[in-house]
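What follows is one structure encoded as structure tokens, with my remarks underneath.
The values are calculated or read from the model by the stated rules, or taken from the named source; none is laboratory data. Predicted, not measured: the structure shown is a model, and the values here were computed from it. Because the Cβ atoms are built from the backbone with ideal geometry, glycine has one as well, and the counts that use them run over all protein chains shown. Note: accessible area is taken over every heavy atom of the protein model, side chains too, but ligands, DNA and RNA are not part of it. Shrake-Rupley method; radii C 1.70, N 1.55, O 1.52, S 1.80 Å.
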Amino acid sequence: SPIAAVSYFVPYLAWGGCMGWLVWGGLGPLKIPVLVYMSVIVVVMWRATVLVMYQRQKHARTAWWIWAVLCGALFYGLSDSLIALNKFHHKMENVRPAISLTYWAGQGLIAWVTVKLFSLTRIDVKG
């Protein structure tokens, strides 16, 4: 339902608000671009959640792999959060491996689900 979809947005709005609050003082002239980018990441995580919840309501059993898109979006959000905190809030020692791991896990899961969906729907991507 539309109300449920909007309610899924609340935790991501809180995440975005907290991240914005934490990094605001260090953004300088990048305030607008970073806020726009953070908004996009928040929407990506929210829409991944809506997709999973829609699939759960539509089907008695949701395919286990559909959860990978949500995990991928959350990993990607975590990666960008770590980057933002490290760059605009305070330097964190040895954070690069965590950034790389969460970034590639997120991208990999999102790409894998995309390929899986294309194979299930038999969409001809060649035109």
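If you plug each phi of region 78-91 into the Karplus form 6.51 cos²θ - 1.76 cosθ + 1.60 with θ = phi - 60°, what whole-Hz ³J(HN,Hα) values come out, in order, with x for Gly and Pro?
Along region 78-91, the couplings run 5, 4, 5, 5, 5, 4, 4, 4, 5, 7, 10, 10, 7, 5 Hz.
Using a basic spin-label model with each label point 7 Å from the Cα along Cα→Cβ, how many nm lie between Arg56 and Leu13?
Distance between the two pseudo-spin positions: 2.0 nm.
With an 8 Å Cα cut-off and a minimum separation of 6 or more residues, compute the relative contact order for region 1-126 in percent.
27 percent
Return an integer: the convex hull volume of the alpha-carbon atoms of the chain, in Å³ per residue.
139 Å³
What percent of all Cα-Cα pairs in region 16-91 falls into each 5 Å bin, going from 0 up to the bin containing the maximum distance?
All Cα pairs, binned at 5 Å, distribute as 3, 16, 23, 18, 13, 10, 8, 5, 3, 1 percent.
What's the magnitude of the charge dipole for region 1-103 around its Cα centre, counting Lys and Arg as +1 and Asp and Glu as -1 at the beta-carbon? Answer in Debye, nearest 20.
180 debye
How large, in percent, is the carbon and sulfur part of the accessible surface of the chain at a probe radius of 1.4 Å?
On the chain, the fraction of accessible area on carbon and sulfur atoms equals 70 percent.
Within the chain, how many Lys pairs that are eight or more residues apart, or on different chains, come under 26 Å at the alpha-carbon?
4
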